[in-house]
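Here's the structure we're looking at; comments come further down.
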2 protein chains.
Amino acid sequence: MSGVKTPVVGVVGGGQLARMMQQAAIGLGVPLRLLAEAADSSAAQVITDTVVGDYTDLATLAAWAEGCDVVTFDHEHVPAGHLERLAADGHQPRPGPGALAHAQDKAVMRRRLSALGIGCPRHAVVADPQAVADFVAAVGGFPVVLKATRGGYDGKAVWMVHDEMGVSRVLDEVPAGVALLAEEKVDFRRELSALAVRSPSGQQAAYPVVESVQRQGICVEVTAPAPDLDPDLARQAQRIAMRVAAELDVTGVLAVELFETPDGRVLVNELAMRPHNTGHWSIDGAVTSQFENHLRAVLDLPLGDPTARAPWSVMVNILGGSAPTLFDGYPHVQARDPRLRVHLYGKQVLPGRKVGHVTAYGDDLDDVRARARHAAAWFEGQPRQRLGLSRPQPD
Amino acid sequence: MSGVKTPVVGVVGGGQLARMMQQAAIGLGVPLRLLAEAADSSAAQVITDTVVGDYTDLATLAAWAEGCDVVTFDHEHVPAGHLERLAADGHQPRPGPGALAHAQDKAVMRRRLSALGIGCPRHAVVADPQAVADFVAAVGGFPVVLKATRGGYDGKAVWMVHDEMGVSRVLDEVPAGVALLAEEKVDFRRELSALAVRSPSGQQAAYPVVESVQRQGICVEVTAPAPDLDPDLARQAQRIAMRVAAELDVTGVLAVELFETPDGRVLVNELAMRPHNTGHWSIDGAVTSQFENHLRAVLDLPLGDPTARAPWSVMVNILGGSAPTLFDGYPHVQARDPRLRVHLYGKQVLPGRKVGHVTAYGDDLDDVRARARHAAAWFEGQPRQRLGLSRPQPD
């Protein structure tokens, strides 16, 4: 393009989030510049301006950022000091280090949310077995949840402990120097997620609140909007997301994962400051996808309409299973359901790894959910087990 | 991906059609391999596996194709002999040379459609002034349309001639060896377009018939579906597209541009065998875009549902105008209409060049059309003229 230069958006991290950002960036006509961990990573396959390098190496990160007008992220693992350096060099990390601290350190997040009066599970930073024992006593006994304050994702570095033996095992496992957070095990009805998008100038958009289902700490299914959610509670969840985004000065997508309690409250479980698995449905199910709105936000452009295009959308993750390849799943899945939307990430299929997702949308929730579940199970090569049938799949 | 290899789809031509194919390919998890005319061409910006080279050079084309499992096209200009060579080498050009001959040579196309009994404007291949004069007499006088049988696109190599002087000018302009086709000037109510998608195994899907508006031979606006179109005529147009696709053994998207006559017939104006400007609305307006269905077809995968997601979609092309850059148009356009879909092609802005398009969709056609027209005009920097207002835009 001629005239005023179109800004280059840097993305740190070559995972599927950066890959799906590229689909949106192509439409917007905005070039992405990627810093990827490997030349064959999911996003590096589809972004021409890619540097392969280690984002934890400051020199690598700073040199790469020279080619970017603004920098955003596929993950939250860039060290705070590195983010400060990017900011000092004028590369505008979005979100910035002040915001990202709350996604990088669960203790920092809990302190801040509690100070804001936002409902959280009871929690305490615990440095030794006695501190854990005190917390267990305070919440009325086991089980409790222990989390490393730093470095976790997708259920990693989170443990449900049922006795003192379990506590000892966790304390042995956690690296020296990583603090532990103890949290009460919340008796929840279900998990919800509220996504807000915020730009540097303070515009905000909130997506419909969704229901998510986790298995072994990994998001496996999302229903948009959350079925039978009390409208007041939905608004409350959206307001929490927008308030947290504003108070923490988040730029781009903020995902607030919530527990809905049986007595009709919501408690914040986790925060993520990037496009989020609970927003993938928006690619096919919303007017503006979370990926496009994330880019519009980091560029401080007006945000797009986040509302749903269909009464129901259900997204089911494809996890690496027994099928050796995903492409082979197409003939059956596409012939069976010509309206289904499939997204494959170009990743090697490893057991339990997120390698793609499917989205179905329509008027009838049961039908939409069954379509999405069937397709994901087919790609995984374990349709019978996933669908809850007992017989193993024939060879 | 492990196991059976995911096929690589080669695309000849680095224009916006290949660029938009890449958005669909990313979702499908299918790698594209591009042969582009320049390193900064629209598609080369977003496809990592790109070879820059001249597709008219057989050695270049054949060497590039070694890395492809199947080959498709951004344009129809690859010479027939080169396509035969790709086929002989096992690279599966889709569509193949037998089909593409009808998109490459308008005389071949007219002969074939006439043999099939499909309605066309009256026409004759004309080699000299006397042949033109005979044709003019046969159709009742000037004006008539003269077309180079080969090498035209976007209104290039098509002339409306009003007298013998005009005939002489065209005959002088056409390169030696290029035959001329004379066609009657059809008195049409409007122009329609019927898109069919066909796979090698013979599956077919037909998109809703759309109305297109051309200006100086360039498609500027498309309304899906064509307003007030007689349902029988719509079915007839879809059947023509599907019959032509089958008879000519087309693989991928076939666009049939049609004249709707005042007496309620449709006559075939042009054929295109690739994703087509009159199908761009499908990215945001249909369940499955023409780009995804084109890829599914060339891979012989089951085709996706081509139906519309909204009652009305209007696509307006952004042509290079007085605005020096397109990115500058975002703040106004996006703030004014958060539901609008914008697609910029990363091309240098040159007067009259297709540099992007916008799509609006919704329930009220007048509103949808006004939104799309306003946004395109704004990006062009000539909102007042484009909207039909008389005052020139202030500096």
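The values are calculated or read from the model by the stated rules, or taken from the named source; none is laboratory data. Just so it is clear, the structure is predicted and the values come from calculations on it, not from any experiment. A quick note on method: Cβ atoms are made from the backbone with ideal geometry, for glycine too, and the neighbour counts reach across all protein chains shown.
Numbers at a glance
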| quantity | calculated |
| --- | --- |
| Matching entry among A:ALA18, A:ALA62 (being in contact (Cβ under 8 Å) with a residue 12 or more places away in the chain, buried (at least 23 other Cβ atoms within 10 Å of the Cβ) and not assigned by TED's automatic domain parsing to the domain that holds A:VAL250) | A:ALA18 |
| Residue list for the range A:147-185, filter: touching a Phe, Trp or Tyr at 6+ places or on another chain (Cβ under 7 Å), surrounded by 15 or more Cβ atoms within 10 Å (Cβ to Cβ) and part of a loop (DSSP other than H, G, I, E, B) | none |
| Residue ID - farthest from A:GLN238 (Cα to Cα), chosen from residues in the range A:103-122 that are part of a loop (DSSP other than H, G, I, E, B) and free of Cβ contacts under 8 Å to residues at least 60 places away in the same chain | A:ASP105 |
| Residue within the range A:225-247 that is part of a strand (DSSP E or B) and touching a strand residue (DSSP E or B) at 6+ places or on another chain (Cβ under 7 Å) present | no |
| Number of positions in the range B:212-224 that are touching a residue at least 12 places away in the same chain (Cβ under 8 Å), part of a strand (DSSP E or B) and closer than 25 Å to B:PRO351 by Cβ | 8 |
| A:ASP74 being among the acidic types (Asp, Glu) and buried (at least 21 other Cβ atoms within 10 Å of the Cβ) | yes |
| Every residue from the range B:332-359 that is out of contact with any strand residue (DSSP E or B) (no Cβ under 9 Å at 6 or more places or on another chain) and modelled with pLDDT under 95 | B:LEU350 |
| Test: residue in the range A:23-31 that is buried (at least 17 other Cβ atoms within 10 Å of the Cβ), within 20 Å of A:ILE283 (Cα to Cα), of a type in the set (Val, Ile, Thr) and without any contact (Cβ under 8 Å) to a residue 12 or more places away in the chain | yes |
| Failed item, numbered, when B:ALA255 is tested on (1) assigned to a strand (DSSP E or B); (2) within 14 Å of chain A (Cβ to nearest Cβ); (3) among the small types (Gly, Ala, Ser) | (2) |
| Which numbered condition A:ALA103 fails, given (1) crowded, with 22+ Cβ neighbours inside 10 Å; (2) at pLDDT 95 or above | (2) |
| Test: residue in the range B:268-282 that is over 23 Å from B:VAL11 (Cα atoms) and of a type in the set (Val, Ile, Thr) | yes |
| Of all residues in the range B:287-337 being within 13 Å of A:ARG339 (Cβ to Cβ) and charged (D, E, K, R), the one that is surrounded by the most Cβ atoms within 10 Å (Cβ to Cβ) | B:GLU292 |
| Test result for A:LEU340, surrounded by fewer than 24 Cβ atoms within 10 Å (Cβ to Cβ) and either in the same structural domain as A:LEU17 (by TED's automatic domain parsing) or within 20 Å of A:GLY15 (Cβ to Cβ) (or both) | no |
| Pick from the range B:123-146, criterion more than 20 Å from B:VAL186 (Cα to Cα) and assigned to a loop (DSSP other than H, G, I, E, B), ranking: nearest to the chain's Cα centre (by Cα) | B:ALA127 |
| Sole exception among (1) within 23 Å of B:PRO95 (Cβ to Cβ); (2) over 26 Å from the mean Cα position of the chain (by Cα); (3) not hydroxyl-bearing (Ser, Thr, Tyr) for B:GLY202, by number | (2) |
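Listed here are the residues, each with its yes/no results for (1) at pLDDT 95 or above; (2) under 19 Å from B:ALA372 (Cβ atoms); (3) of a type in the set (A, V, I, L, M).
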site: B:SER201; (1), (2), (3): yes, no, no
site: B:VAL210; (1), (2), (3): yes, yes, yes
site: B:ALA224; (1), (2), (3): yes, yes, yes
site: B:ASP230; (1), (2), (3): yes, no, no
site: B:ARG235; (1), (2), (3): yes, no, no
site: B:ALA245; (1), (2), (3): yes, no, yes
site: B:LEU248; (1), (2), (3): yes, no, yes
site: B:LEU271; (1), (2), (3): yes, no, yes
